[in-house]
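A quick write-up on the structure given underneath.
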Amino acid sequence: MRIGHGYDVHKFAENRKLILGGTEIPYEFGLLGHSDADVLVHAVMDSLLGATALGDIGKHFPDTDERYKGADSIALLKEVCRILDENGYKIGNIDSTVIAQKPKLKDYIYAMRENIANACGIDISQVSVKATTEEKLGFTGRLEGISAHAVCIIE
Ligand SMILES: Nc1ccn([C@@H]2O[C@H](COP(=O)(O)O)[C@@H](O)[C@H]2O)c(=O)n1
Ligand SMILES: C[C@@]1(CO)OP(=O)(O)OP(=O)(O)OC[C@H]1O
């Protein structure tokens, strides 16, 4: 059994969609990135890669590579899960937290869990997504961006 941890941050920008956990969330700002900037899926991918000690998302999907411009992070997650499978690993469970002052995410949590579980070929009960604010403190509290943490167990 191996444990993995992932963390990512993306800043808010105008004229971008807000994609979290593969779900488009209505909000006045989106997140800036080379890909679709899905900060939650990026943290999940880094936790899985961390558990295998096979590098990180920057190594597998460099932000200098035109192939990943506007990339659907859920598609990248599927590739990470293919790598895990190729190396003989199975996911035990994934737990994650999105840190966002706004928007409220509770109505989208189930859809995010479902998207992540489907991409990984696991049951939704193996994927937890939580949301919290930082009580208006720090960069998330100032509405400058969103961060996400994820941990996982693989076997
Ligand atoms: N962007 C967010 C942040 C929080 N939630 C939900 O609200 C609960 C209370 O959040 P606090 O930061 O005030 O502790 C939290 O447990 C989430 O259920 C949310 O939906 N979206
Ligand atoms: C997945 C990638 C691909 O460009 O997405 P980005 O939007 O650049 O996001 P970041 O978390 O800064 O780096 C990871 C990249 O590998």
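The values are calculated or read from the model by the stated rules, or taken from the named source; none is laboratory data. Bear in mind the structure is a predicted one, so any value in this text is a computation, not a measurement. Don't worry about glycine lacking a Cβ; one is built from the backbone with ideal geometry, like all the others, and counts go over all protein chains shown. These area figures cover heavy atoms from the full protein model, side chains too; ligands, DNA and RNA do not enter into them. Shrake-Rupley method; radii C 1.70, N 1.55, O 1.52, S 1.80 Å.
A few comments on the model shown:
- Phe61 satisfies every condition listed in (1) open to solvent by 30 Å² or more (accessible area, probe 1.4 Å); (2) out of contact with any Ser or Thr (no Cβ under 6 Å at 6 or more places or on another chain); (3) within 27 Å of Gln126 (Cα to Cα); (4) away from ligand 1 (no atom under 16 Å from the Cβ) except (1).
- Subset of the stretch 112-151 [touching a Lys or Arg at 6+ places or on another chain (Cβ under 9 Å) and in a strand (DSSP E or B)]: Val127, Ser128, Val129, Ala131, Gly145, Ile146
- Scanning the stretch 116-144 for residues that are away from ligand 2 (no atom under 16 Å from the Cβ), touching a residue at least 40 places away in the same chain (Cβ under 8 Å) and surrounded by 16 or more Cβ atoms within 10 Å (Cβ to Cβ) turns up Cys120, Val129.
- Hits in the stretch 36-49 - residues which are open to solvent by 10 Å² or more (accessible area, probe 1.4 Å) and in a loop (DSSP other than H, G, I, E, B): Asp36
- Checklist (1) closer than 21 Å to Val127 by Cα; (2) open to solvent by less than 40 Å² (accessible area, probe 1.4 Å); (3) aromatic (Phe, Trp, Tyr) applied to Tyr7, failing item: (2)
- Selection status of Thr97, open to solvent by 20 Å² or more (accessible area, probe 1.4 Å) and either touching a residue at least 12 places away in the same chain (Cβ under 8 Å) or within 12 Å of ligand 1 (Cβ to nearest atom) (or both): yes
- Candidates in the stretch 56-68 are the residues that are part of a loop (DSSP other than H, G, I, E, B) and out of contact with any strand residue (DSSP E or B) (no Cβ under 9 Å at 6 or more places or on another chain); of these, the one that is nearest to Gly145 (Cα to Cα) is Asp63.
- Scanning the stretch 32-39 for any residue that is within 16 Å of ligand 1 (Cβ to nearest atom) and modelled with pLDDT of 95 or more turns up at least one such residue.
- Top-ranked residue in the stretch 69-94 [being farther than 20 Å from Thr23 by Cβ, in a helix (DSSP H, G or I) and open to solvent by 20 Å² or more (accessible area, probe 1.4 Å); ranked as farthest from ligand 1 (Cβ to nearest atom)]: Glu86
- Candidates Lys106, Lys90, filtered to the one that is among the basic types (Lys, Arg), more than 12 Å from the chain's Cα centre (by Cα) and closer than 16 Å to Arg2 by Cβ: Lys90
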